[in-house]
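Q: Sending over a structure as structure tokens; questions will come in a sec.
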Amino acid sequence: MKYTNEFKYYYWGPCLTRFHISDELCDGLLQRGNRLKEDARKGLAGHLDKELKYTQEDKDWFLSKFSPVISDHMKFLNTYHNKNLQADLKLTDLWVNYMQKGEFNPPHIHNQQLSFVIYIQVPEKLIEENKNYQGTDTSGPGGIKFINDVNSDMLNIAEVPIFPKEKECYIFPGSLMHMVFPFKSDCERVSVSGNFQFI
């Protein structure tokens with residue numbers, strides 16, 4: 001029998017995407033975040049002193065700017081999993097994280113189907129600390145790590161370590177385990193996180 005070079009690909013594992021976010025959206029999230037008062041920490045896993053909930057008005061504004069991004073993710077998600085997901089999305093949560101030295105997020109998941117994080121401010125001090133890190137951890141100070149299995153090698157990629165840049169957005173399944181590492185620099189990193197529910 002002649003070899004035909006035909007094979008089947010098994011759609012497997014979580015879909016993690018990265019997008020670059022506009023200055024308008026990042027600046028707007030930062031300005032609106034600086035006006036917030038409602039503490040978000042009670043419902044979050046992070047060991048941070050300052051995490052605040054956006055208002056419904058802020059959520060509506062955010063959706064008007066972010067909809068093209070989440071739409072592109074959903075189109076790719078359909079291709080990635082070879083499915084036709086027609087679900088509408090509801091933004092259930094939106095909060096801002098002001099991360100200081102020594103603070104961290106332990107391994108955790110979110111309680112909705114789709115989650116995201118947008119990095120608004122990444123100080124130069126933190127960038128330098130991560131660059132100069134000496135050790136075996138793949139994320140380094142201030143890094144985020146997505147974890148899908150306990151065993152990882154060249155043929156079984158079980159984790160994705162990332163040191164995020166400003167104006168980067170990562171979208172991922174809410175059930176995907178992830179963690180954020182602490183840093184020692186005397187600075188503040190600002191990120192915005194949220195969840196979408198399929199309806």
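Q: Exactly which GluC sites (Glu not before Pro) in the stretch 14-60 are in a DSSP loop and have at most 11 other Cβ atoms within 10 Å?
A: Within the stretch 14-60, the qualifying GluC sites (Glu not before Pro) (loop, at most 11 other Cβ atoms within 10 Å) are GLU38.
Q: From the helices alone, meaning DSSP H stretches of at least four residues, give me the mean residue ellipticity at 222 nm for the chain, per-run term -39500 (n - 2.57), in deg cm²/dmol to the nearest 500.
A: Value at 222 nm, helices only, nearest 500: -7500 deg cm²/dmol.
Q: Debye calculation, C-alpha points only, no solvent: report log10 I(q)/I(0) for the chain at q = 0.13, 0.16 Å⁻¹, in the same order as the q values.
A: Values returned for q = 0.13, 0.16 Å⁻¹ are -0.74, -1.09.
Q: Where a Cα-Cα gap under 18 Å defines reach, which lysines qualify for LYS131, not counting those fewer than 8 residues away within the same chain?
A: LYS101, LYS145, LYS165, LYS184
Q: Compare the peptides 186-195, 67-76 by average per-residue count of other Cβ atoms within 10 angstrom and give them in order, highest first. Numbers along the way, then the final one.
A: Details: 186-195: 19.7, 67-76: 14.9.
Ranking the peptides 186-195, 67-76 by packing returns 186-195, 67-76.
Q: May I ask you to list the residues of the stretch 21-60 whose amide nitrogen lies under 17 Å from a point 7 Å from Cα along the Cα→beta-carbon direction of HIS108?
A: 38-54
Q: Using per-residue counts of other Cβ atoms within 10 Å, averaged over each peptide, order 99-111, 5-17 from highest down.
A: Details: 99-111: 15.5, 5-17: 9.8.
The peptides rank, most packed first, as 99-111, 5-17.
Q: Of the trypsin sites (Lys or Arg not before Pro) in the stretch 17-71, which ones lie in a loop per DSSP and count no more than 15 other C-beta atoms within 10 Å?
A: ARG35, LYS37
Q: Rounded to whole Hz and in sequence order, give me ³J(HN,Hα) for the stretch 56-67 from the Karplus expression 6.51 cos²θ - 1.76 cosθ + 1.60, θ = phi - 60°, writing x for Gly and Pro.
A: Per-residue couplings from phi come out as 4, 4, 5, 4, 4, 4, 4, 4, 5, 9, 8, 3 Hz.
Q: Now a separate question. Counting other Cβ atoms within 10 Å, which chymotrypsin sites (Phe, Trp or Tyr not before Pro) in the stretch 120-175 have at most 12 and lie in a DSSP loop?
A: none
Q: Going by Cα centres, the stretch 140-191 and the stretch 55-116 are how many Å apart?
A: Cα centroid of the stretch 140-191 versus Cα centroid of the stretch 55-116: 16 Å apart.
Q: Kirkwood Rh, Cα Rg: Rg to Rh for the stretch 83-153?
A: 1.03
Q: Which ³J(HN,Hα) values, rounded to whole Hz and listed in residue order, are derived for the stretch 13-27 from phi using the Karplus coefficients 6.51, -1.76 and 1.60 in 6.51 cos²θ - 1.76 cosθ + 1.60 with θ = phi - 60°, glycine and proline given as x?
A: Rounded to whole hertz, the list is x, x, 9, 10, 10, 10, 10, 9, 9, 5, 4, 4, 5, 5, 5.
Q: Taking neighbour counts of Cβ atoms within 10 Å as a proxy for exposure, in what order, fewest first, do VAL160, VAL150 appear?
A: Values: VAL160 19, VAL150 7.
Lowest count first: VAL150, VAL160.
Q: Another question, then. Out of residues 5 or more away from GLY142 or on other chains, whose amide H comes under 5 Å of its own, with H placed 1.01 Å from N in the peptide plane?
A: So GLY142 has HN proximity to PHE181, PHE183.
Q: List, in order, the whole-Hz ³J(HN,Hα) value for each residue of the stretch 176-191 obtained from phi through the Karplus relation with A = 6.51, B = -1.76, C = 1.60 and θ = phi - 60°; use x for Gly and Pro.
A: Once rounded to whole Hz, the list reads 7, 4, 8, 8, 10, 8, x, 9, 9, 5, 7, 7, 10, 9, 10, 9.
Q: Also: Over the stretch 141-193, what lengths in whole Å, largest first, do the semi-axes of the equivalent ellipsoid take, defined as the square roots of 5 times the eigenvalues of the alpha-carbon gyration tensor?
A: Ellipsoid half-lengths, sorted descending, are 23, 14, 10 Å.
Q: What's the exposure ranking of THR4, THR138, going from fewest to most Cβ atoms within 10 Å?
A: Details: THR4 6, THR138 13.
Fewest-to-most ranking of THR4, THR138: THR4, THR138.
Here, each number is a calculation from the coordinates, and none is a lab measurement. This structure is a prediction, so every number in the text was calculated from the model and none was measured. Positions of Cβ are generated from backbone atoms using ideal geometry, with glycine treated the same way; all protein chains shown enter the neighbour counts.
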